[in-house]
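S.K.: First, the structure itself, so that you have it in front of you.
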């Protein structure tokens with residue numbers, strides 16, 4: 001993108017942000033009701049209209065409504081809702097913003113039980129930001145032991161192993177590595193820095209309430225690092241749990257065992273707390289392909305998380321919590337013994353020890369007379385230590401992080417025009433050592449942001465934002481973003497988005513797969529921040545098909561890098577080169593999703609993805625390695641009445657991907673230019689009983705694995721050894737069983 005286009009885009013964002021369109025004026029208020037116990041409560045969904053006109057509105061979930069002004073004043077405002085006596089009040093002025101209406105209870109009705117079936121995933125038709133919501137119901141379709149396994153039935157996020165010895169997994173969105181996706185914990189930055197390599201394994205799936213997947217650049221309120229998307233994790237909340245106790249056990253035939261537990265005591269109306277515990281272990285050595293290397297490392301992890309919520313039931317609320325994690329991994333050759341063979345060439349081994357301690361807090365103040373106005377403060381802190389060795393290579397790293405985000409929210413005249421302004425601060429202190437070289441840096445990044453949201457009835461909405469961050473090492477960074485939504489009909493949603501993001505690469509932890517090889521690490525120059533622009537368009541159409549509702553979602557995104565840290569595996573098979581982009585680097589992503597329920601309790605999901613990801617390597621524009629151009633996913637889910645039985649099967653087909661150039665290697669160690677296409681099949685059956693439920697599943701049913709996954713596995717200390725050339729599974733078929741128990 002040239003300089004003129006950059007400035008045109010920025011000017012457009014500023015115009016959208018600070019110049020409101022000409023609009024009709026509104027009045028605004030809140031509806032309350034007196035229940036059968038004499039207590040005052042808000043009435044969501046109450047109907048409000050001007051008597052003698054067709055001008056009306058409905059109160060939102062907080063009882064707040066806004067309604068266009070009548071032609072003449074004074075006018076009569078009629079308010080009604082089921083179970084309360086309707087009321088009519090006279091309004092004497094236009095643009096009144098503090099209307100308060102209290103309705104009296106009429107009669108207490110007998111309880112009516114209504115059953116409804118909600119989809120396990122959904123696309124919002126009102127949010128201008130393209131967001132897919134993955135519910136806990138969807139997560140239960142698979143074992144979902146941790147976050148890396150939470151996307152096995154989702155087409156938007158791809159998950160792959162990084163190498164054949166460490167067990168680390170990475171995600172991909174829009175064809176780009178997960179480092180370009182901002183992973184948030186309840187809208188605060190979460191997996192970044194040292195946790196980017198193994199952090200997906202640190203989040204148990206049973207702790208998650210829902211996952212919100214946003215494609216493209218997200219909101220400027222959440223920071224500057226989102227380039228290809230955002231993944232926001234919403235954890236279980238203390239007061240929202242039906243069960244006070246929950247217990248989950250998992251085990252598979254390869255020796256992996258896992259236990260998850262949470263306890264949510266009932267304290268009082270103001271306070272709530274929930275305690276999460278996790279323990280897992282893989283203690284059996286597996287070598288299915290007989291290459292004398294463990295298919296998966298021996299692991300042990302302990303994880304604890306305690307969160308508290310406070311609501312004073314007036315205008316203040318707070319949430320805070322602490323987490324701690326200990327994890328050890330040991331892999332490599334089956335004969336490796338860390339006490340005997342460490343730092344020797346007698347046997348190849350890897351070891352990874354991780355310690356993490358973190359906290360978070362969120363506080364919010366609402367203004368009672370103006371409930372649409374609020375101030376919120378988010379803070380988090382993290383300390384992580386990671387010590388690793390891969391054969392004779394050693395790495396130690398320590399990261400200290402602090403984050404703060406202050407947000408002020410209000411409206412302009414009415415709730416059709418909302419805005420947020422605020423300031424943030426990110427501090428990262430890194431201390432790293434690779435072999436005999438030490439690296440240390442401190443990143444201090446204060447920033448300011450502003451975001452404007454416009455909503456016109458139900459047909460159109462817009463979110464436009466800008467932020468300026470002041471990096472102590474790389475200077476000011478400007479980040480504009482805009483998202484548009486238009487509903488030409490009730491069943492069709494169109495979206496457009498555009499914006500930029502930047503990040504600072506952590507080349508060692510983000511590319512630790514190259515440690516599992518004999519390649520020499522060479523940093524050719526001083527590395528600059530990665531900067532990219534992302535643009536997207538999407539359409540979601542709902543339509544009837546054979547008497548049942550179906551939906552089709554199509555989206556296309558393009559990402560253009562202005563600068564990127566290039567990881568070059570092609571120039572020399574014995575080296576990995578790091579340098580700044582000199583040429584083009586871009587990603588085109590097309591995804592088509594089809595969701596259909598042909599008959600009651602049976603859901604069908606079909607998705608196709610096409611990727612074109614190209615980067616300039618040593619002057620030549622090439623496909624990025626390990627990114628299949630074509631992918632297809634099919635998920636079938638059926639459940640009986642009241643979910644007594646649940647059946648789920650997922651099929652994936654992954655097309656060919658380019659492999660790094662190995663022509664310099666001896667003939668016996670050379671790889672083809674492209675990988676093979678392959679299929680993966682997963683299935684699970686769940687049976688619910690009165691007090692508990694059990695599940696039985698199988699991953700990789702056809703037992704497909706990559707042949708010769710480790711190059712020169714017979715000579716792990718030789719010049720041709722490479723365990724990072726991974727494009728397919730390496731651990732074969734996995735059969736697992738589990739038990740879930742919930743106690744109210």
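S.K.: Condition first: within 16 Å of residue 231 (Cβ to Cβ) and crowded, with 22+ Cβ neighbours inside 10 Å. Now tell me which residues in region 117-128 satisfy that.
M.R.: Within region 117-128, just 121 meets the criteria.
S.K.: Right, residue 473: part of a strand (DSSP E or B) and not assigned by TED's automatic domain parsing to the domain that holds residue 99 or not?
M.R.: So residue 473 does not fit the description; no.
S.K.: Out of the residues in region 281-308 meeting the condition of being surrounded by 20 or more Cβ atoms within 10 Å (Cβ to Cβ) and under 23 Å from the mean Cα position of the chain (by Cα), tell me which one is farthest from residue 145 (Cα to Cα).
M.R.: Taking the candidates together, the pick is 307.
S.K.: If you don't mind, there's one more thing I want to ask. List the strands (runs of 3 or more DSSP E) inside region 511-568, counting only whole elements, that have at least 2 residues being buried (at least 17 other Cβ atoms within 10 Å of the Cβ) and assigned by TED's automatic domain parsing to the domain that holds residue 437.
M.R.: 530-545, 548-563, 565-568
S.K.: Another question, then. Can you name the number of the only condition in (1) touching a residue at least 40 places away in the same chain (Cβ under 8 Å); (2) farther than 20 Å from residue 427 by Cβ; (3) touching a strand residue (DSSP E or B) at 6+ places or on another chain (Cβ under 6 Å) that residue 373 fails?
M.R.: (1)
S.K.: Right, next: Out of the residues in region 141-182 meeting the condition of being out of contact with any strand residue (DSSP E or B) (no Cβ under 7 Å at 6 or more places or on another chain) and under 27 Å from residue 686 (Cα atoms), tell me which one is surrounded by the most Cβ atoms within 10 Å (Cβ to Cβ).
M.R.: 147
S.K.: Return the residues of region 718-730 that are within 19 Å of residue 569 (Cα to Cα) and part of a loop (DSSP other than H, G, I, E, B); say none if nothing qualifies.
M.R.: Scanning region 718-730 gives 718, 719, 720, 721, 723, 724, 725, 726, 727, 728.
S.K.: So residue 619 passes all but one of these: (1) closer than 17 Å to residue 585 by Cα; (2) at pLDDT below 95; (3) in contact with a strand residue (DSSP E or B) (Cβ under 7 Å, 6 or more places away or on another chain). Which condition number does it fail?
M.R.: If we test residue 619 against (1) closer than 17 Å to residue 585 by Cα; (2) at pLDDT below 95; (3) in contact with a strand residue (DSSP E or B) (Cβ under 7 Å, 6 or more places away or on another chain), just (3) comes out false.
S.K.: Does residue 261 count as more than 28 Å from residue 398 (Cβ to Cβ), in contact with a strand residue (DSSP E or B) (Cβ under 6 Å, 6 or more places away or on another chain) and without any contact (Cβ under 8 Å) to a residue 24 or more places away in the chain?
M.R.: Yes.
S.K.: For residues that are on the phi > 0 side of the Ramachandran plot and touching a strand residue (DSSP E or B) at 6+ places or on another chain (Cβ under 9 Å), scanning just region 433-483, find the one that is modelled with the lowest pLDDT.
M.R.: This residue is 457.
The values are calculated or read from the model by the stated rules, or taken from the named source; none is laboratory data. Remember, predicted model here, so these are calculated numbers, not experimental data. Every residue, glycine as well, gets a Cβ built from its backbone with ideal geometry; the counts of neighbours run over all protein chains shown.
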